[in-house]
Amino acid sequence: MSRFITPARCRAIANPLLGIRRFHFSVPLLVRTPLEEYNFKVEQGTLRDDPYQRKIISTLSIFHEMLSSYDPPKVETPAISDLKPKIGIRKVFGSFFGKGKNNGNTDVALADENAIKGIYLYGDVGCGKTMLMDLFYSTIPSHLPKKRIHFHQFMQHLHKRSHQLKIEHNHNDLDVIPLLAAEIAQDSTVLCFDEFQVTDVADAMLLRRLLMALLSPDHGVLLFATSNRAPDDLYLNGIQRVSFIPCIQLIKRQCRVIYLNSPTDYRKIPKPVSSVYYFPKPGVKWLSKTNQSNCKKHVEQWYEYFNSENDNQTILENHSLEVWGRSLNVPLSSPPTVAQFTFHDLCGKPMAAGDYLMLANSYQSFIVTDIPYLSIDVRDQVRRFITFLDAVYDAHGRLAVTAAAPFKDLFVEPEDLQKGNYMLYRRQQDKGGVEETFEDDELVVKHGFDKSIAKKASMFANDEEKFAFARALSRLQQMSTTDWIDNVRPLQ
Ligand SMILES: Nc1ncnc2c1ncn2[C@@H]1O[C@H](COP(=O)(O)OP(=O)(O)OP(=O)(O)O)[C@@H](O)[C@H]1O
């Protein structure tokens, strides 16, 4: 059931949440609320009815109702002459907080700076945060320009754009944040970030100022962020964390912070598993003729399947992709459907997050061959593989692999491997009891992962990386379901 919003209704619900004394009048709009959308999906059978999610949907519906009457301010691009260092940061901040130009619109200046400007939804992996955000996103009233972006990608964009702006204005010390804030606000009033996280000091400092600007009444941006971390746990133990604390306070003050405590990891719900991941049966050696022939057949079958929708069936060897002025070699590919790499080509070379994002956005499906056993000795390769997986997962891409073992057994102690040959594994010595030392691990206690996963994740020193590793295993499981394979991102 959908409802009509009339102008009279708009007036009645205009200000309590956003605190902005401006109304949006429109002809009656056909709007489905998040609750109606959730009910619809449950009735359709696409979603299971989850009481924890349902509770959150009610809060989202209130926020949604506020959006219906929200009229964002007109954001002006700041003058470049105001952004040169001699002017001083003070003046720049002044314009963020209402002392600068506001087009003479007193409604904007009168707006309550402490009003709720967004939702910050956090919780454990696989419990439906992204699903709830996407559902909300699809119901945002059409008069509000919106953007939904993976946070990782957003940060990449910010760094790239800052660089371009400095070149464009021929000024290396230009304070680009006001320009970035204006561009973002002009482009989108509702900004949805999936997987908000802060891992390095440059991002932390940039974000603090940018969010302050975006959420200020002059810019009027509304935020929806999902995260695996509570705001107080963001950038924990990070360098100069103290300078990031105002950003945490801002999020806590201006967003409705919601903890999704659903005990269900929907990725763990058994679904029919397709055979996208090949590994030799026990007792079959990697280099044996049987295994090599099975690998070849597996790769050919999946390549053909992934490429079946492609009008152009040509297979390119060593195709070059441009990433920020550099070229990235794709050993075998049929753009835009499928790209094939050996594990060594994909993760054994100094590739960065930007390379993997570019790949994930350029191809619909990937085949990664010859994934060896992985240990602490090749931690950098594991890190890159996780970054690659996250990028492909976020782009809803497909993945087929040939590997030395199933993913749950692939991460081993270096001493259990045959020297110099990571495709071979010696019999595991009895390690009884070792996992018990992981029963108090944060991944087990706080995030509900198995102790065996916490143990494997211990190859990483830092909590963010341990968590990313455990999440990657959960995602790999989901990416091997027929549901995932059948619902690939459409070709553009
Ligand atoms: N109520 C539900 N019924 C059925 N499937 C669901 C439900 N909620 C979520 N899912 C599915 O479970 C999977 C995981 O959900 P989602 O990606 O939203 O989790 P998440 O909390 O964002 O996880 P992560 O923190 O790892 O990103 C998705 O495929 C999603 O569609």
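The values are calculated or read from the model by the stated rules, or taken from the named source; none is laboratory data. Everything quoted here is computed from the prediction, not taken from an experiment. Positions of Cβ are backbone-derived with ideal geometry, glycine not excepted, and every protein chain shown enters the neighbour counts. Side chains included, ligands, DNA and RNA excluded: accessible areas come from the protein's heavy atoms. Shrake-Rupley method; radii C 1.70, N 1.55, O 1.52, S 1.80 Å.
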- Query: In segment 389-411, how many are part of a loop (DSSP other than H, G, I, E, B), closer than 20 Å to THR369 by Cβ and open to solvent by 20 Å² or more (accessible area, probe 1.4 Å)?
  - Reply: 1
- Give segment 201-258 a look and list any residue that's among the aromatic types (Phe, Trp, Tyr) and more than 18 Å from the chain's Cα centre (by Cα), or say none. PHE244
- Task: Within segment 232-245, identify whether any single residue is in a loop (DSSP other than H, G, I, E, B), within 16 Å of the ligand (Cβ to nearest atom) and of a type in the set (A, V, I, L, M), and answer yes or no.
- Result: yes
- Query: Would you say LYS349 is open to solvent by 40 Å² or more (accessible area, probe 1.4 Å), in the same structural domain as ASN294 (by TED's automatic domain parsing) and closer than 30 Å to SER162 by Cβ?
  - Reply: yes
- Just need a number here: residues in segment 352-382 that are among the charged types (D, E, K, R), surrounded by 16 or more Cβ atoms within 10 Å (Cβ to Cβ) and not in a strand (DSSP E or B). 1
- Message: Within segment 111-122, does at least one residue satisfy the condition of being outside any helix (DSSP H, G or I), away from the ligand (no atom under 16 Å from the Cβ) and at pLDDT below 50?
- Response: yes
- Name every residue in segment 172-195 that is in a loop (DSSP other than H, G, I, E, B) and of a type in the set (S, T, N, Q), in order of residue number. ASN172, SER188, THR189
- Message: Looking at (1) open to solvent by less than 50 Å² (accessible area, probe 1.4 Å); (2) assigned to a helix (DSSP H, G or I), which one does VAL198 not meet, given that it meets all the others?
- Response: (2)
- Restricting attention to segment 435-492, which residues are more than 19 Å from the chain's Cα centre (by Cα), β-branched (Val, Ile, Thr) and open to solvent by less than 50 Å² (accessible area, probe 1.4 Å)? VAL444, ILE453, THR481, THR482, ILE485
- If you check THR130, THR106, THR77, which single one turns out to be within 16 Å of the ligand (Cβ to nearest atom) and either closer than 28 Å to HIS150 by Cα or modelled with pLDDT under 90 (or both)? THR130
- Note on the structure: How many residues of segment 248-298 are part of a strand (DSSP E or B), within 30 Å of LEU207 (Cα to Cα) and open to solvent by 70 Å² or more (accessible area, probe 1.4 Å)? The answer is 2
- Message: Being open to solvent by 80 Å² or more (accessible area, probe 1.4 Å) and either touching a strand residue (DSSP E or B) at 6+ places or on another chain (Cβ under 6 Å) or not assigned by TED's automatic domain parsing to the domain that holds LEU476 (or both) is the requirement here; does ARG326 meet it?
- Response: no
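Residue-by-condition table, conditions (1) modelled with pLDDT of 95 or more; (2) touching a Leu at 6+ places or on another chain (Cβ under 8 Å):
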{"residue": "GLN340", "(1), (2)": "yes, yes"}
{"residue": "THR369", "(1), (2)": "yes, no"}
{"residue": "TYR373", "(1), (2)": "no, yes"}
{"residue": "ASP377", "(1), (2)": "no, no"}
{"residue": "ASP380", "(1), (2)": "no, no"}
{"residue": "PHE388", "(1), (2)": "yes, yes"}
- For segment 323-362, what are the residues that are charged (D, E, K, R), closer than 26 Å to HIS157 by Cβ and in contact (Cβ under 8 Å) with a residue 12 or more places away in the chain? ASP355
- Message: Cβ-Cβ under 7 Å, sequence separation 6+ or interchain: first residue in segment 38-56 and in the same structural domain as MET133 (by TED's automatic domain parsing) and free of Cβ contacts under 8 Å to residues at least 12 places away in the same chain, partner within 11 Å of the ligand (Cβ to nearest atom) and in a loop (DSSP other than H, G, I, E, B). Which pairs?
- Response: VAL42/ASP49
- Give segment 474-485 a look and list any residue that's within 11 Å of the ligand (Cβ to nearest atom) and under 16 Å from ARG383 (Cα atoms), or say none. SER474, ARG475
